[in-house]
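Report on the following structure.
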Amino acid sequence: MDDRWDVRPESDRPQWVVDPYLGVGPLRFGMNPDEVSAVLADVTAEAQQCITTHLRDGRQAREVGQYPTSGLVLFYSRDEKLEGLAVDGLRGPQVLAEGVPLTGRVPSEVERWMTARAAERFPEDDFELGYLGTGVPCSWSLGLVVSVQRMADHLVTRPVIFAEHVLDDAHHILPQQAWIIY
């Protein structure tokens, strides 16, 4: 059996709370890769695997950090500051927003919650709830996109959380890896 479909038992998932535009769980936006590794050392023995990019000026920058077993993909700016992350719906921590679990759920259930939340809390704001080109819902007040991924022949939610400046153009500031559906 392909181990991509092994779902981490809910009891084994740490619970991380979204702090809109500031971070999630122990992670804070603006941390560098070494700071991320230090705080995640308390959560996992797994080492961060970084993808390095060569910039035009000759410098190298770590742009993507991965914790495959722990279900985290971290996105860094060119100056190596954490600006977003994606949480694997099968292996990642359970991400909570306002007490609602967002990781590994049926997408329509999370979308219903996001729609009801937007209607109740932001009735006059036509921009609170949006959809990316892939049809996945976004909550701008939470700094959150609820993307999806496959689990055999089903889809489950895969939260993408980001820093405030990413709002300017989330689909282009974070790399394509944040938005792929696999």
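The values are calculated or read from the model by the stated rules, or taken from the named source; none is laboratory data. Only a predicted model underlies this, so the values are computations on that prediction, with no experimental measurement involved. Reconstructed Cβ throughout: ideal geometry from the backbone, glycine too, with neighbour counts over all protein chains shown.
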Positions within the stretch 140-161 being crowded, with 23+ Cβ neighbours inside 10 Å and either touching a helix residue (DSSP H, G or I) at 6+ places or on another chain (Cβ under 6 Å) or modelled with pLDDT under 85 (or both), in sequence order: 146, 157, 160
Some residue of the stretch 102-112 being hydrophobic (A, V, I, L, M, F, W, C), modelled with pLDDT of 95 or more and within 22 Å of residue 26 (Cα to Cα): yes
Residue among 115, 103, 69 that alone is hydroxyl-bearing (Ser, Thr, Tyr) and in contact (Cβ under 8 Å) with a residue 40 or more places away in the chain: 103
Residue 160 being in contact with a Cys (Cβ under 6 Å, 6 or more places away or on another chain) and in a strand (DSSP E or B): no
Only one of 103, 134, 69 that is closer than 22 Å to residue 51 by Cα, in a loop (DSSP other than H, G, I, E, B) and among the polar types (S, T, N, Q): 69
Options 174, 102, 85; residue that is buried (at least 20 other Cβ atoms within 10 Å of the Cβ) and touching a Pro at 6+ places or on another chain (Cβ under 6 Å): 102
Test: residue in the stretch 36-54 that is surrounded by 15 or more Cβ atoms within 10 Å (Cβ to Cβ), under 13 Å from the mean Cα position of the chain (by Cα) and in a strand (DSSP E or B): no
